[in-house]
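Contents: one structure, followed by commentary.
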Amino acid sequence: NISLFAGMNYSTFLHENAHAFLEIFGDLAEAEGAPQQVNDDWSKALKFMGVENRGQIGRDQHELWARAGEAYLREGRAPSPSLRRSFANFKVWLTGIYRTATSLRVELTDEVRGVFDRMYATDAEIAEAKQQQGLGAMFRHGETIGMTPEEAEALGNAVQAAQAGDES
C-alpha cells in the first residue's frame, strides 16, 4: 500500500518510490529469462533485508528497503553524470529532513549502493560517473601532483563548470 498524502514531506515520494521499485524489482527477478545481473542484485537485496525469498518480505523489510532508498539518495552520489543535479537536490532535501544518516535507521553497504546504482543508471553511465568522480578527487588534492592550492581550486572549478554545461 503506497500512500503519498498523509504527513507528506520532500522524502515521501522518494520513500514510496522505493517501495514501488522493490515490487517491480521482484517482478523482474522472477520473470522467466531474467538477466543474471537482475538475479544477482535481487539476491543482494534479499540478503540486505534478511530474507531468503520474496514471500518472506513483510512490512518491516519493505520499510527497511524504502529507508535504504532514502539513505542512498541522501548521500547525493549520482550514479550517472546526467543525474548529478537531481541527486544534489535529493541530498539537500533529505539532509534537511534527516540531519544524520542514522536518523533513517539503516546501514547501507557498498553492495546495496551498487544495486541502487543499477536501478538508476546503466553500467556505462556508472563507469563514466566513477571516472569523473576520480578526476574530481585529483583536483581536490592537487598538491599531491605538484599544483598549488590555488591552481588545484581553479582547475577544479573549471572542470565543474564544464560538467555543469554538459548537464544543461
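Quick one: ranking Trp93, Trp42 by accessible area, 1.4 Å probe, largest first, what do you get?
Working: Trp93 90, Trp42 20 Å².
Listed by decreasing accessible area, they come as Trp93, Trp42.
Could you go through the stretch 71-87 in sequence order and give the Karplus-derived ³J(HN,Hα) for each residue, using 6.51 cos²θ - 1.76 cosθ + 1.60 with θ = phi - 60°, rounded to whole Hz, and x for Gly and Pro?
Taking θ as phi minus 60°, the curve returns 4, 4, 5, 5, 5, x, 8, 5, x, 8, x, 5, 9, 4, 5, 4, 5 Hz for the stretch 71-87.
Within straight cross-link reach of Lys91, meaning Cα distance under 20 Å, which lysines are found once same-chain residues fewer than 8 apart are removed?
Those lysines meeting the cut-off are Lys130.
Would you mind calculating the gained length between Gln37 and Gln56 on full extension (0.36 nm times residue separation, minus the Cα-Cα distance), in nm to one decimal?
Here the segment from Gln37 to Gln56 would lengthen by 4.7 nm.
Quickly rank 13-20, 24-31, 62-69, 112-119 as a protection proxy: mean count of other C-beta atoms within 10 Å, highest first.
Details: 13-20: 17.4, 24-31: 14.0, 62-69: 20.8, 112-119: 19.0.
Peptide ranking by packing, descending: 62-69, 112-119, 13-20, 24-31.
Please arrange Glu111, Glu75, Glu70, Glu150 by accessible surface area, largest first, computed with a 1.4 Å probe and ligands excluded.
Values: Glu111 75, Glu75 50, Glu70 5, Glu150 130 Å².
So the residues, ranked largest to smallest area, are Glu150, Glu111, Glu75, Glu70.
Once you list every other residue whose beta carbon is under 15 Å from the beta carbon of Lys130, what net charge do they have if Lys and Arg are +1 and Asp and Glu are -1?
On the way: positive: Arg77, Arg84, Arg113, Arg118; negative: Glu75, Asp110, Asp117, Asp123, Glu125, Glu128.
Charge balance near Lys130 sits at -2.
How much length would be gained if the chain were fully extended between Ala158 and Lys44, taking 0.36 nm per residue of separation minus their Cα-Cα distance, in nm to one decimal? Walk me through the numbers on the way to the answer.
Details: separation 114, 0.36 × 114 = 41.04 nm, distance 3.89 nm.
Going from the current span to full extension adds 37.2 nm.
Using a 1.4 Å probe and counting only protein heavy atoms, arrange Ser43, Ser11 so the residue with the most accessible area comes first.
Ranked list, largest accessible area first: Ser43, Ser11.
The values are calculated or read from the model by the stated rules, or taken from the named source; none is laboratory data. All of these numbers come straight from a predicted model, not from anything done at the bench. Because the Cβ atoms are built from the backbone with ideal geometry, glycine has one as well, and the counts that use them run over all protein chains shown. Heavy atoms of the whole protein, side chains included, go into the accessibility calculation; ligands, DNA and RNA do not. Shrake-Rupley method; radii C 1.70, N 1.55, O 1.52, S 1.80 Å.
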